[in-house]
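J.: Once you've had a glance at the structure underneath, I'll fire off some questions.
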Amino acid sequence: MCIRDSFTKLPKFKDNAWRGGDNMPDEKLGYVNLTANGGHPGNSHAHAAVRRFTAPHDGLFTISGTLKRPAKEGDGVRALAILEGKPPLGDWEVTTGEVATSVGRVQLKAGQTLDFVVDGKSGPGWDGFEWSPQVAGIDGTNGTWNAADGFSGPKSAKPTLSAWERYAQALLMTNEFVFVD
């Protein structure tokens with residue numbers, strides 16, 4: 001399965017997917033790609049598709065989702081939920097159809113990572129999958145992370161204004177600042 005110390009970010013965002021390069025399959029990473037709702041693992045176990053959640057604060061969380069594989073061809077995919085430095089919290093396989101991917105309560109520390117890993121069982125053929133897990137805070141810690149909602153392309157290098165900077169800009173645009181009495 002996936003070896004955590006060799007985790008590498010996918011370098012290219014194209015056609016609403018993170019992937020290895022401009023062409024599919026990529027020379028080095030094969031078919032691996034991630035979209036908002038799923039993706040495709042690479043050509044081998046070393047090129048699994050991985051989503052990462054980083055806990056924003058200490059708290060108790062639940063994990064839920066549904067792993068789907070619509071293709072009838074091929075031998076299916078395997079998915080894992082891996083908490084940094086621990087044995088897998090969940091291990092699911094689907095050949096065709098869908099399987100629930102729920103994990104009970106999980107205690108997380110701020111900054112701790114939780115990886116959602118998918119790879120093919122034997123080869124890359126017909127391994128497209130749908131899986132957008134959710135991590136929800138419980139016991140008074142609110143907030144839900146949904147992989148589909150949190151999915152995006154590269155972040156813009158364009159700086160954004162802070163709340164105080166936006167406030168100052170709004171004041172400068174008012175009539176009182178434009179005209180002197």
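The values are calculated or read from the model by the stated rules, or taken from the named source; none is laboratory data. Remember, predicted model here, so these are calculated numbers, not experimental data. Cβ atoms come from the backbone with ideal geometry, glycine included; neighbour counts cover every protein chain shown. Just the protein is used for accessible areas: all its heavy atoms, side chains included, with ligands, DNA and RNA removed. Shrake-Rupley method; radii C 1.70, N 1.55, O 1.52, S 1.80 Å.
J.: Quick check on HIS40: is it open to solvent by 10 Å² or more (accessible area, probe 1.4 Å) and over 15 Å from the mean Cα position of the chain (by Cα)? Please lay out each step first, then the result.
T.: Details: open to solvent by 10 Å² or more (accessible area, probe 1.4 Å): yes; over 15 Å from the mean Cα position of the chain (by Cα): no.
Criteria not met by HIS40.
J.: Ok, one more. Being modelled with pLDDT of 90 or more and either under 16 Å from ARG51 (Cα atoms) or touching a helix residue (DSSP H, G or I) at 6+ places or on another chain (Cβ under 7 Å) (or both) is the filter here, so list the residues in the stretch 21-36 that pass it.
T.: VAL32, ASN33, LEU34, THR35, ALA36
J.: Let me ask something additional. May I ask you to list the residues in the stretch 1-19 that are open to solvent by less than 30 Å² (accessible area, probe 1.4 Å) and either at pLDDT below 90 or among the aliphatic types (A, V, I, L, M) (or both)?
T.: ALA17
J.: Check off (1) open to solvent by 40 Å² or more (accessible area, probe 1.4 Å); (2) closer than 24 Å to GLY59 by Cβ for GLU98 and give me the number that stays unchecked.
T.: For GLU98, the exception is condition (2).
J.: So GLU93 fits all but one of (1) modelled with pLDDT of 90 or more; (2) closer than 20 Å to THR144 by Cα; (3) open to solvent by 70 Å² or more (accessible area, probe 1.4 Å); (4) not aromatic (Phe, Trp, Tyr); what number is the exception?
T.: Result: GLU93 passes all but (2).
J.: Between a first residue in the stretch 28-40 that is on the phi > 0 side of the Ramachandran plot and a second residue that is of a type in the set (A, V, I, L, M) and modelled with pLDDT of 90 or more, which pairs have beta carbons less than 6 Å apart while being 6 or more apart in sequence or on different chains?
T.: If the second residue must be of a type in the set (A, V, I, L, M) and modelled with pLDDT of 90 or more, the pairs left are GLY39/ALA49.
The rows are residues; the columns are (1) at pLDDT below 85; (2) exposed (fewer than 10 other Cβ atoms within 10 Å of the Cβ); (3) under 20 Å from the mean Cα position of the chain (by Cα).
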{"position": "VAL118", "(1), (2), (3)": "no, no, yes"}
{"position": "SER122", "(1), (2), (3)": "yes, no, no"}
{"position": "TRP131", "(1), (2), (3)": "no, no, yes"}
{"position": "GLY143", "(1), (2), (3)": "yes, no, yes"}
{"position": "PRO154", "(1), (2), (3)": "yes, yes, yes"}
{"position": "ALA157", "(1), (2), (3)": "yes, yes, no"}
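J.: Continuing with this model, one more query. From the list ARG105, ARG78, pick out the single residue that is in contact (Cβ under 8 Å) with a residue 60 or more places away in the chain and open to solvent by 60 Å² or more (accessible area, probe 1.4 Å). Full working, then the answer.
T.: Numbers: ARG105 fails: in contact (Cβ under 8 Å) with a residue 60 or more places away in the chain.
None of the others qualify; the one that does is ARG78.
J.: Does the stretch 88-109 include one or more residues that are within 20 Å of GLY30 (Cβ to Cβ) and touching a Leu at 6+ places or on another chain (Cβ under 8 Å)? Step through it out loud before you land on a result.
T.: As a first pass, look at the stretch 88-109 and keep what is within 20 Å of GLY30 (Cβ to Cβ): none.
No: the stretch 88-109 contains no residue that is within 20 Å of GLY30 (Cβ to Cβ) and touching a Leu at 6+ places or on another chain (Cβ under 8 Å).
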